[in-house]
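*Asks:* Encoded as structure tokens, here's the structure I'll be asking about.
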Amino acid sequence: MKSPLLSLSGAVPAEGVDEGVAAHYGDLFREQRALADGAGFVDLSHRGVVAVTGEDRLSWLHLLLTQHVSELPVGQATEALILSAHGHIEHALYLVDDGTTVWAHVEPGTQEALIAYLESMKFFYRVEVADRTDDFAVVHLPAGSIAEAPEGVVVRETPYGRDLFLPRADLEPYAAKAGPAAGLLAYEALRVEHHRPRLGFETDHRTIPHELGWIGTAVHLQKGCYRGQETVARVQNLGKPPRRLVFLHLDGSEVHLPPHGTEIRLADEGADGRKIGFVTTSVRHFELGPVALALVKRNVPPDARLVAGETAAAQEVIVEP
């Protein structure tokens with residue numbers, strides 16, 4: 001779905017999974033600074049929107065999600081995962097309940113598979129699941145923003161800003177009043193700075209929540225009764241995850257950023273060294289320079305010098321070894 005905001009001056013379309021919204025509007029660092037200062041907004045209208053209604057919605061979701069939501073207060077934001085039977089991450093949901101409906105935004109293009117799974121688990125519960133992507137656009141206001149949400153719009157407020165579930169027909173009129181617009185690359189740079197994982201970027205087919213630090217923010221350790229819970233409990237109580245998320249400071253002299261999937265090796269082992277991880281997201285940050293998130297093997301020493309492709313990298317610990 002192509003956003004009408006791609007018609008704004010300077011808009012350069014994003015590519016890949018984020019196709020349909022602007023990567024930037026002509027000045028990446030200015031857009032980052034604006035967001036960091038609490039100004040402007042980000043068009044996330046390419047994300048999927050799923051709504052769950054019915055009087056059993058919270059108790060039912062509580063059985064399926066990694067998060068404790070059976071008594072989720074109205075207006076309180078949370079995030080949750082759906083795992084496979086083996087504990088691997090399949091879906092990430094960013095949730096808020098407005099008193100009658102649980103609203104969730106999810107990664108672009110994942111809503112159909114998510115809804116198919118939810119529909120298969122309805123059984124006798126009094127719930128209805130709907131894809132509202134065609135009707136609602138997600139708009140992000142950064143932390144510190146004093147912009148007001150339009151009356152009646154569902155708001156999901158987090159430490160990183162507010163997500164608005166805006167009627168799609170109101171997107172252009174809202175943008176005209178809420179500027180300046182910041183592109184997705186600015187939003188992603190701040191996400192990387194805050195070490196926030198993203199499904200499909202920091203995850204692969206075998207990622208478990210412990211590897212990304214999603215324990216606590218998206219996984220409630222005092223609840224059970226969800227698919228994959230046995231793996232979560234076993235790793236939490238008896239062991240360590242096989243990999244860990246790290247923050248990388250990249251060599252600023254390189255022209256190109258190492259793309260997603262770039263292999264990481266120990267610098268001391270040279271170009272023929274064994275692969276110990278891969279880059280998940282790399283960005284250019286207006287203050288930190290070129291930085292990235294990466295998954296590496298748990299036993300990689302935190303002070304080890306790394307190479308991402310041909311780019312030297314120094315790591316900061318996010319998930320403890």
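The values are calculated or read from the model by the stated rules, or taken from the named source; none is laboratory data. No experiment lies behind these values; they were computed from the predicted model shown. Here Cβ is always computed from backbone atoms with ideal geometry, including for glycine, and neighbour counts include all displayed protein chains. The accessibility values were calculated without ligands, DNA or RNA, using every heavy atom of the protein model including side chains. Shrake-Rupley method; radii C 1.70, N 1.55, O 1.52, S 1.80 Å.
*Asks:* Just one of (1) of a type in the set (G, A, S); (2) closer than 19 Å to Q32 by Cβ; (3) at pLDDT below 95 trips up A176, so point out which.
*Replies:* A176 satisfies all of (1) of a type in the set (G, A, S); (2) closer than 19 Å to Q32 by Cβ; (3) at pLDDT below 95 except (2).
*Asks:* Out of the residues in the stretch 158-203 that are touching a residue at least 60 places away in the same chain (Cβ under 8 Å), in a helix (DSSP H, G or I) and of a type in the set (G, A, S), state the one that is surrounded by the most Cβ atoms within 10 Å (Cβ to Cβ).
*Replies:* Of everything passing the filter in the stretch 158-203, A186 is surrounded by the most Cβ atoms within 10 Å (Cβ to Cβ).
*Asks:* Of the residues in the stretch 89-122, how many are of a type in the set (D, E, K, R) and within 15 Å of the chain's Cα centre (by Cα)?
*Replies:* Total meeting the criteria: 2.
*Asks:* Being among the charged types (D, E, K, R) and in a strand (DSSP E or B) is the filter; apply it to the stretch 69-95 and report the residue that is farthest from P159 (Cα to Cα).
*Replies:* Out of the qualifying residues, it is E90.
*Asks:* Filter the stretch 207-217 down to residues that are under 23 Å from E263 (Cα atoms), of a type in the set (A, V, I, L, M) and open to solvent by 10 Å² or more (accessible area, probe 1.4 Å), then give me how many there are.
*Replies:* Within the stretch 207-217, residues that are under 23 Å from E263 (Cα atoms), of a type in the set (A, V, I, L, M) and open to solvent by 10 Å² or more (accessible area, probe 1.4 Å) number 1.
*Asks:* Consider the stretch 1-44. How many of its residues are β-branched (V, I, T) and either free of Cβ contacts under 8 Å to residues at least 40 places away in the same chain or buried (at least 19 other Cβ atoms within 10 Å of the Cβ) (or both)?
*Replies:* 2
*Asks:* Only one residue in E202, E193 is at pLDDT 95 or above and either among the aromatic types (F, W, Y) or under 22 Å from D43 (Cβ atoms) (or both), so which one is that?
*Replies:* Residue meeting the stated conditions: E193.
*Asks:* OK, next. Among the residues of the stretch 271-315 satisfying the criterion of being over 22 Å from Q236 (Cα atoms) and charged (D, E, K, R), which is modelled with the lowest pLDDT?
*Replies:* Checked the stretch 271-315; the qualifying residue modelled with the lowest pLDDT is D272.
*Asks:* Here are the criteria: (1) surrounded by fewer than 17 Cβ atoms within 10 Å (Cβ to Cβ); (2) on the phi < 0 side of the Ramachandran plot. Tell me which single one F247 does not satisfy.
*Replies:* (1)
*Asks:* Which of the residues that make up the stretch 218-239 are surrounded by fewer than 16 Cβ atoms within 10 Å (Cβ to Cβ), touching a residue at least 60 places away in the same chain (Cβ under 8 Å) and part of a loop (DSSP other than H, G, I, E, B)?
*Replies:* Passing the criteria: Q222, C225.
*Asks:* Output the number of residues of the stretch 250-263 satisfying the condition of being surrounded by 14 or more Cβ atoms within 10 Å (Cβ to Cβ), assigned to a loop (DSSP other than H, G, I, E, B) and either of a type in the set (S, T, N, Q) or touching a residue at least 60 places away in the same chain (Cβ under 8 Å) (or both).
*Replies:* Selection size over the stretch 250-263: 2.
Residues checked against (1) out of contact with any strand residue (DSSP E or B) (no Cβ under 9 Å at 6 or more places or on another chain); (2) under 29 Å from A149 (Cα atoms):
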position: G183; (1), (2): no, yes
position: A186; (1), (2): no, yes
position: V192; (1), (2): no, yes
position: H195; (1), (2): no, yes
position: F201; (1), (2): no, no
position: L212; (1), (2): no, no
position: A218; (1), (2): no, yes
position: Q222; (1), (2): yes, no
position: Q229; (1), (2): no, no
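*Asks:* Scan L65, L72, L35, L61 and give me the residue that is aliphatic (A, V, I, L, M), under 18 Å from the mean Cα position of the chain (by Cα) and farther than 21 Å from L141 by Cα.
*Replies:* L65
*Asks:* Additional query: Is there a residue in the stretch 92-113 that is hydrophobic (A, V, I, L, M, F, W, C), without any contact (Cβ under 8 Å) to a residue 40 or more places away in the chain and over 21 Å from D163 (Cα atoms)?
*Replies:* For the stretch 92-113, residues hydrophobic (A, V, I, L, M, F, W, C), without any contact (Cβ under 8 Å) to a residue 40 or more places away in the chain and over 21 Å from D163 (Cα atoms): present.
*Asks:* What number of residues in the stretch 96-149 are over 19 Å from S70 (Cα atoms), of a type outside the set (S, T, Y) and in a loop (DSSP other than H, G, I, E, B)?
*Replies:* 12
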